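J.: Next up is a structure, given as C-alpha cells.
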Amino acid sequence: MNAAAEIITPSQETQDFLARKHQLLINGEWVDPASQERTDIHDPATEAFLASVPVGGPEEVDRAVAAARAALKGEWSKITTHERSRLIWRLADELEAHLNLATELEVLDNGMPRSIATYAIAAAGINHLRYYAGWATKIHGQTIPVSPGGAQNGETLTYTQREPIGVVGAITPWNAPLPMVVLKLAPCLAAGCTMVLKPAEITPFSALLLGELSRKVGIPPGVFNIVLGHGSEAGAALAAHDDVDKIAFTGSTEVGKIILKQAASNLKKVTLELGGKSPVVVFPDADIERVIPGATRGAFFLQGQNCMAGTRLFVHDDVYDQVVEGVAAMATAFKIGPGLAPDTEMGPLISAAQRDTVMGYVEAGKASEADLVCGGETLSGKGYFMQPTIFGQTTMDMKIAKEEIFGPVLCVQKFGDSDLEAIAAETNKTIYGLSGSVWTRDISVAHKMVNLIDSGQVAINCHAAVDSAIPFGGNRQSGWGREFGQEGLEPYLKTKSTTVMF
Ligand code: NAD
C-alpha cells in the first residue's frame, strides 16, 4: 500500500514564513543563539526539508529568564487587568486572521490533516485565548472573618490577594504544537505571569508564529520568550533554573519524572500533563451506530499521537464482533495521505523514529496471543505513514495493552457479564489515568463506571470532550494538576493573606 505521496504546495504566505530566518524570541527581539548548531525540520508526509532553526541552550535560557523576570516587575505588572484581557483577545484575533498560515505550518510540521489542524487551532488556540482573556478581569481574593489573638468582631480584617506566580517555564510536545503552547500561554498571560517557552525541537513553527503575533499585538517585551533547543539542554536548563517560579510541562511520563528532579533545585511549582492509555468501555445496550465512529476517532485522531486517545477498547461479548468489525471497517477506509490534501483523514506519524517505535509495538502484538484484526504495516514510499492497526482479544498483561504506544494502534478486550467493579479494575490496570469513556443507555451503569474509572476525565457516550471550560489533566502517572477551565488558571496564581488589626 502506498500513501499516494502527492506533493501539495502550501500558500505563498506559508512558503514565505518557512523561508525567513528563524530565530529565538528574547525580550521582544528576534535573536541568534551563541551556538551555530541548527535543527533541520522536515515534512513528515514527504520527508522534504522545510527549514532549519537555531538551537538555543542554557545561555539563551538564562537571557530569556532574565527578560521574563524584568518584564514581570516592569510594564507588565502595571498594566490593568482590562488591558491584559484586551491584549490576549487581540492575540486571538491575530491568530484568527492568520488561521490559514497557522494551519499550514501545523500540518507541515506535524503531519496532521488540515481539517484537524484548523479545528484544533480554533478550539484550543483562538477560543482558548478568548476564554482566558475573560478570566483576566475575574481574578480576586476573599475577605475572611477571623479573630486572631482574641480580637473581637469589627476589630480586624483579613483579606487575600491572588498574585501571578511569576516566571513560568513552559515545555511542550510535538503532537499538537500550537494548542500545547496556547494551553499554557493563555492562563499564564491572564494571571499576569511571564513565560519562557521551550517548544518541541521538531515542531517549532507555530510557536514562532505566536511569538510574532504577540509582538504585533503589543504584548510587552520579555512577557513571552521562546528558546528553541533540545530537551536535554535548553529544556533541562529551564526546568532547573533557580529564577523560574513554575514549570508547566506537557510530554511523556518518563520526561515528566526528570522534570520533577530538575525542578527540585529551587522547589519551583510544577504541573505535568503526561501520557495516557485511556479506556473506552462499551456495554451491550449502547447505541452501536454512535459507538463505532466515536471509538474509531477516539483511537486514531492525530494518528493516535494523542494523549487522550482511547487506545483500549473494552467491549461486551454480545456486541464484540459488531463493534470490532465496524471500527475496523471505518479505520481501514480512512484516506491516508499528506495533511495538506483536503480529503486526508489520517496523516503520517511525526518521524521515522516514532514510526519505528510504534512498529516495534505492532511486532510485539503480532508475536502475542492477540488477533491482528487489521493494519499492522507501514506504507511504502516517502513519508512516515502506517496503517491504522487493531488487535483483538488483548489482555491487560500484554505489552501493547499496558504501555502508551502513541501511534495508531488500538487494543480491543472482551468482557462478559462481570460486575462493574471487575470491568473497571481491568480499565485501571495501567500506570495512567488521563481520559476514558463509557458507552451505555443505562444512566446508572454510566455513572457507576465514571466513579470507578480512575482517570481525570471520563465521558459518557462520547470520547475526549474538549472545551476551554472543561478541566483536563491526569490521575496517577498521567500527571499533576489540571489545564483548562478555572482550575487551569490556579497553577499560575499564588495567594497572599493580609490581616489588619484596627
Ligand atoms: P517528550 O517528553 O519526549 O518531550 C516533551 C518536551 O520535553 C519536548 O519539548 C522536549 O524537548 C522536552 N524534554 C525532553 N527531555 C527533556 C529534559 N531532560 N528536560 C527538559 N525537557 C525535556 O514528549 P513528546 O514525545 O514530545 O510528546 C509525546 C508525549 O506527550 C506522550 O507521552 C503524550 O501522551 C504526552 N502528551 C500529554 C498531553 C497531556 O495533556 N497529558 C498532551 C500531549 C502530549
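Every read-out reported here was derived from the displayed coordinates using simple, explicitly stated rules and does not represent laboratory data. Quick caveat: nothing in here was measured; it's all calculated off a predicted structure. Note that each Cβ is placed from the backbone with ideal geometry, even for glycine, and that neighbours are counted across all protein chains shown.
J.: Can you run the Rg to Rh ratio on the stretch 238-379? Use alpha carbon positions and the Kirkwood inverse-distance Rh. Let's see the in-between values first.
T.: On the way: Rg = 19.1 Å, Rh = 17.8 Å.
Radius of gyration relative to Kirkwood radius: 1.07.
J.: Give me the net charge of Cys462's neighbourhood, meaning all other residues with Cβ under 12 Å from the Cβ of Cys462; Lys, Arg count +1, Asp, Glu -1.
T.: On the way: positive: Arg290, Arg297; negative: Asp287, Asp467.
Its environment carries a net charge of 0.
J.: Along the positive direction of the dipole of the stretch 1-131 (beta-carbon charges: Lys, Arg +1; Asp, Glu -1; about the Cα centre), which of Ile126, Gln12, Ala102 reaches farthest?
T.: Ile126
J.: Next question, about the same structure. Run the numbers for Asp397 and Ser380: contour at 0.36 nm per residue of separation, minus the present Cα-Cα distance, in nm. Each step should come with its number before you reach the end.
T.: On the way: separation 17, 0.36 × 17 = 6.12 nm, distance 3.22 nm.
Full extension of this stretch gives 2.9 nm more.
J.: Restricting to the chain, compute how many DSSP beta bridges are antiparallel as a %, nearest 5.
T.: Details: 27 of 63 bridges.
Antiparallel bridges make up about 45 percent of those DSSP assigns within the chain.
J.: Could you compute the FRET efficiency for Asp442 and Ala422, with r as their C-beta to C-beta distance and R0 at 22 Å, rounded to 0.05? Please report the intermediate quantities before stating the final value.
T.: Details: r = 17 Å, r/R0 = 0.77.
Here the calculated transfer efficiency is 0.85.
J.: Now for a different question. Taking θ = phi - 60°, what integer Hz values does the Karplus form 6.51 cos²θ - 1.76 cosθ + 1.60 yield along the stretch 312-327, in sequence order, with x for Gly and Pro?
T.: So the J values, rounded to whole Hz, are 10, 9, 9, 10, 5, 2, 5, 10, 4, 4, 4, 5, 5, 4, x, 5.
J.: Another question about this same structure. Please arrange Arg20, Arg130 by counting, for each residue, the other beta carbons lying within 10 Å of its beta carbon, fewest first. Display every interim value, and only then the final one.
T.: Values: Arg20 11, Arg130 19.
Exposure proxy ranking, most exposed first: Arg20, Arg130.
J.: Rounded to the nearest Å, what's the spacing between the alpha carbon centres of the stretch 100-147 and the stretch 262-318? Just the number, please.
T.: 21
J.: Check the straight Cα-Cα distances from Lys277 and name the aspartates and glutamates below 17 Å, setting aside those fewer than 8 residues away within the same chain.
T.: Glu254, Asp397, Glu403, Glu404, Glu426, Asp454
J.: Scale the Cα Rg of the chain by the rule-of-thumb value 2.2 N^0.38 Å and send over the ratio, two decimals. The partial results should precede the final answer.
T.: Details: Rg = 23.6 Å, N = 502, 2.2 N^0.38 = 23.4 Å.
Against the empirical 2.2 N^0.38 Å value, I get 1.01 for the chain.
J.: Quick check: Cα centre of the stretch 349-387 to Cα centre of the stretch 190-258, how many Å?
T.: Centre-to-centre distance over Cα atoms comes out at 32 Å.
J.: What is the order of Arg90, Arg38, Arg114, fewest Cβ neighbours within 10 Å to most? Walk me through the numbers before you get to the answer.
T.: On the way: Arg90 18, Arg38 14, Arg114 21.
Ranking Arg90, Arg38, Arg114 by Cβ neighbours within 10 Å, fewest first, gives Arg38, Arg90, Arg114.
J.: Also, quick follow-up: Neighbour counts of other C-beta atoms within 10 Å: give me Ser468, Ser115 arranged from fewest to most.
T.: On the way: Ser468 23, Ser115 15.
Placing the least packed residue first, the sequence is Ser115, Ser468.
J.: What pairs from Lys198/Lys414; Lys216/Lys496; Lys269/Lys429; Lys402/Lys448; Lys399/Lys494; Lys138/Lys429 go past 32 Å between their alpha carbons?
T.: Numbers: Lys198/Lys414 42 Å; Lys216/Lys496 34 Å; Lys269/Lys429 29 Å; Lys402/Lys448 24 Å; Lys399/Lys494 42 Å; Lys138/Lys429 41 Å.
Pairs exceeding the cut-off: Lys198/Lys414; Lys216/Lys496; Lys399/Lys494; Lys138/Lys429.
J.: Here's a follow-up. Starting from 0.36 nm per residue, how many nanometres of slack lie between Leu372 and Lys429 once their C-alpha separation is accounted for?
T.: Values: separation 57, 0.36 × 57 = 20.52 nm, distance 2.19 nm.
Extending this stretch completely gives an extra 18.3 nm.
J.: Now, a different point. Label point 7 Å out from Ala364 along Cα-to-Cβ: which residues of the stretch 297-328 have amide N under 15 Å?
T.: Counting only backbone N, you get 312.
J.: Helix 177-191 versus the longest principal axis of the chain: what angle, 0 to 90°, nearest 10, using Cα atoms?
T.: 30
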